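Q: Here's a structure for you.
The values are calculated or read from the model by the stated rules, or taken from the named source; none is laboratory data. Note that the structure is predicted; figures quoted are calculated from it, not measured. Cβ placement follows ideal geometry from the backbone for every residue including glycine, while neighbour counts extend to all protein chains displayed. Remember, those area values only see protein heavy atoms, side chains included, never the ligands or the DNA or RNA. Shrake-Rupley method; radii C 1.70, N 1.55, O 1.52, S 1.80 Å.
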Amino acid sequence: MTTRNDVTWPRQLRLPGQAAAPEGPLDMQTMYLMHHAFRRDLDAFAEAVRNTPVEDRRTWRLLAQRWELFTEVLHKHHTAEDDLIWPALMSRGSSDDVVVLEAMESEHLEIDPRLEACTAGFQRLSRKADEDARAALTVRICAARELLRRHLAHEESSAIAILQRLVTAEEWAEIEKEIGKDTSLRFAVQVVPWVAHCIPREVLDRVFHDIDAGFRMIWVLTRRRFARREARAFRYA
């Protein structure tokens, strides 16, 4: 916990690659865990695309399936922000705040076609050995990675600072509840080991302490199978 003017705020999570962690009344650890996973994935995909032999159909199929998980989670994450988080701030913020919040939505729209182009590349390479397709996908993955890195840094340094200033802890709890209400067990079983992968154990212990025990239970039951699939998909990364 951090104390400012006799007010106790949560101690914000800091993970590798994270641009900022603005202080305030909201505990943003779930957001930062997701951002860490997005950065981790794009680094791993960039390495795998460069190094996986084009004739290794099995590995390309695993990479294509794994890319589907990444894009599904990222799409849900951005949709929740656009539908539930940024609109809650628009009417409360200054004109400068609105510029930042509108940029969040426009950056999401810029990212989407880059991801779709990568999806097409993975699908082609899962069907056919094609060096030209791999060369194109290498460029597209790197471009998507740089674009998403800039977006996440902008969000962490600017948009989350606005969130910390304009939203109460009680309001944030309701927003998080609304985001999670339609999460299926199937999706949770996929996402929990995904988001926890490569997180330092001391950070996981903090997360397990702070959130519902179901998160840890799912992680215990799924982490080994997830790690085995990761090792196969990213064997050349």
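Q: Restricting attention to the stretch 53-95, report how many residues are in a loop (DSSP other than H, G, I, E, B), open to solvent by less than 50 Å² (accessible area, probe 1.4 Å) and at pLDDT 95 or above.
A: 3
Q: Determine the pairs where a residue that is without any contact (Cβ under 8 Å) to a residue 60 or more places away in the chain and under 30 Å from Ala129 (Cβ atoms), located within the stretch 25-52, has a partner that is part of a helix (DSSP H, G or I) and open to solvent by less than 20 Å² (accessible area, probe 1.4 Å) with Cβ atoms under 8 Å apart, the partner being 6 or more residues away or on another chain.
A: Matching pairs, first to second residue: Asp41/Phe70.
Q: Is there any pair linking a residue in the stretch 182-210 that is within 20 Å of Asp43 (Cβ to Cβ) and in contact (Cβ under 8 Å) with a residue 12 or more places away in the chain to one that is among the polar types (S, T, N, Q) and crowded, with 17+ Cβ neighbours inside 10 Å, with Cβ under 8 Å and at least six apart or on different chains, and which?
A: Pro193/Thr222
Q: For Leu74, all conditions in the list (1) over 22 Å from Thr138 (Cα atoms); (2) among the aliphatic types (A, V, I, L, M); (3) touching a residue at least 40 places away in the same chain (Cβ under 8 Å) hold save one; what is the number of the exception?
A: So Leu74 meets the others, but not (1).
Q: Then there's this: Mind counting the residues in the stretch 141-171 that are assigned to a helix (DSSP H, G or I) and either more than 21 Å from His36 (Cα to Cα) or at pLDDT below 95 (or both)?
A: Final tally of qualifying residues: 5.
Q: Which of the residues belonging to the stretch 12-52 are surrounded by fewer than 16 Cβ atoms within 10 Å (Cβ to Cβ) and closer than 16 Å to Arg124 by Cα?
A: Arg50
Q: Hey, any hits in the stretch 21-35 for a residue that's in a helix (DSSP H, G or I) and over 14 Å from the mean Cα position of the chain (by Cα)?
A: No, the conditions are met nowhere in the stretch 21-35.
Q: Another question about this same structure. Hey, among Val191, Val195, which residue is at pLDDT 95 or above, of a type outside the set (Asp, Glu), open to solvent by less than 50 Å² (accessible area, probe 1.4 Å) and touching a Leu at 6+ places or on another chain (Cβ under 6 Å)?
A: None of the others qualify; the one that does is Val195.
Q: A follow-up question, please. If we keep just the residues of the stretch 143-157 that are surrounded by 15 or more Cβ atoms within 10 Å (Cβ to Cβ) and in contact with a Lys or Arg (Cβ under 9 Å, 6 or more places away or on another chain), which is nearest to Thr30 (Cα to Cα)?
A: Per the stated criteria, the residue is Leu152.
Q: I would also like to ask the following. Are any of the residues in the stretch 132-140 open to solvent by 70 Å² or more (accessible area, probe 1.4 Å) and not acidic (Asp, Glu)?
A: So far as the stretch 132-140 goes, yes, one or more of its residues are open to solvent by 70 Å² or more (accessible area, probe 1.4 Å) and not acidic (Asp, Glu).
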